[in-house]
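The values are calculated or read from the model by the stated rules, or taken from the named source; none is laboratory data. Just so it is clear, the model here is predicted, and its values are computed rather than measured. Neighbour counts run over all protein chains shown; Cβ positions are idealised from the backbone, glycine included. Each accessible area value is taken on the protein alone, full model and side chains, heavy atoms only, with ligands, DNA and RNA left out. Shrake-Rupley method; radii C 1.70, N 1.55, O 1.52, S 1.80 Å.
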Amino acid sequence: MLAVAEGRGWVCYGTEVSPRSLEYGRKRGWVVATDGGAAPRFGKGMFDVVTMIELIEHVTTPLRFLEAAAAWLRPGGLLYLTTPNARSLNRWLLGPTWDVFAPPEHLTIWTAGGLRRALAGEGFRQVRIRADGFNPYWVMARVRGRSENTAANRDQVARELNEFLSGTLLRRALKRGINSGFTAFGIGDSLKVWAVRST
């Protein structure tokens, strides 16, 4: 993601726990750290955009991360985050067997309402949330009576479905329509959030 941003003229900073990813970032010339809160080059109010992609479901103190994002952003800056949706269609169909319920990897599964309240409490406004995407892997496995529920299989099905639905103009329009329906009913697998820091 940082490589794409850099290619569009952005100056890139990143936090990561993986030593391999940190080394990659350093080689690219980015400012990277394991803990941005302790890194002197991650100053308050210095960022236009902060992203948290599939992060806040993994941490024990998600509100601390939202607070840090608000502190790093300049007034009017944008937070973009994604996280699994506790009210997704897969959750309703599969209940606790949905693989997203996977402690200790996933600790907090959010609803759109819960995220709105948490973000408002940290000083964000103009919160826009989409709930889109659906991975049929687990439902197909249950219908077929299979138990080979692995993340690799799930991810492969998701990639193949996305490639198929992105293959033509008509399929892309179909995908947009389906995702609009998921968002309208709040039942997509993933919450995608845009929130602006208050001025």
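Would you check if W72 is touching a Cys at 6+ places or on another chain (Cβ under 8 Å), surrounded by 12 or more Cβ atoms within 10 Å (Cβ to Cβ) and at pLDDT 90 or above?
no
Can you pull out the residues in the range 115-128 that are under 15 Å from the mean Cα position of the chain (by Cα) and exposed (fewer than 15 other Cβ atoms within 10 Å of the Cβ)?
Hit for the range 115-128 is R128, nothing else.
Note down all Cβ pairs under 7 Å where the first residue falls in the range 154-179 and is aromatic (F, W, Y), the second is assigned to a helix (DSSP H, G or I), and they're at least six residues apart or on different chains.
From residues that are aromatic (F, W, Y), the pairs are F164/R171.
Name every residue in the range 24-62 that is touching a Lys or Arg at 6+ places or on another chain (Cβ under 8 Å) and open to solvent by 80 Å² or more (accessible area, probe 1.4 Å), in order of residue number.
First, the residues of the range 24-62 that are touching a Lys or Arg at 6+ places or on another chain (Cβ under 8 Å): 31-33, 45-48.
Within the range 24-62, M46 is the sole residue that qualifies.
In the range 5-23, which residues are among the small types (G, A, S), surrounded by 10 or more Cβ atoms within 10 Å (Cβ to Cβ) and part of a helix (DSSP H, G or I)?
Of everything in the range 5-23, those that are among the small types (G, A, S), surrounded by 10 or more Cβ atoms within 10 Å (Cβ to Cβ) and part of a helix (DSSP H, G or I) turn out to be A5, S21.
Just to be sure before I move on: is A131 part of a helix (DSSP H, G or I), surrounded by 11 or more Cβ atoms within 10 Å (Cβ to Cβ), at pLDDT 90 or above and not charged (D, E, K, R) in the structure I sent? Break it down into steps so the answer makes sense when it comes.
Values: part of a helix (DSSP H, G or I): no; surrounded by 11 or more Cβ atoms within 10 Å (Cβ to Cβ): yes; at pLDDT 90 or above: yes; not charged (D, E, K, R): yes.
Here the answer is no, as A131 does not meet what is asked.
When the residues of the range 184-199 are filtered to those that are over 15 Å from the mean Cα position of the chain (by Cα) and farther than 30 Å from M46 by Cα, which remaining residue is least open to solvent (accessible area, probe 1.4 Å)?
Filtering the range 184-199 for residues that are over 15 Å from the mean Cα position of the chain (by Cα) and farther than 30 Å from M46 by Cα, the one least open to solvent (accessible area, probe 1.4 Å) comes out as G186.
What number of residues within the range 28-57 satisfy the criterion of being part of a strand (DSSP E or B) and more than 20 Å from V196 (Cβ to Cβ)? Outline the logic, then answer.
Taking the range 28-57 and keeping what is part of a strand (DSSP E or B), we get 31-33, 47-53.
Next cut, more than 20 Å from V196 (Cβ to Cβ) only: 31-33.
The number of residues fulfilling the criteria is 3.
Quick check, is T108 open to solvent by 30 Å² or more (accessible area, probe 1.4 Å), of a type in the set (V, I, T) and out of contact with any Pro (no Cβ under 9 Å at 6 or more places or on another chain)?
Taking the combined requirement at face value, the residue does not satisfy it.
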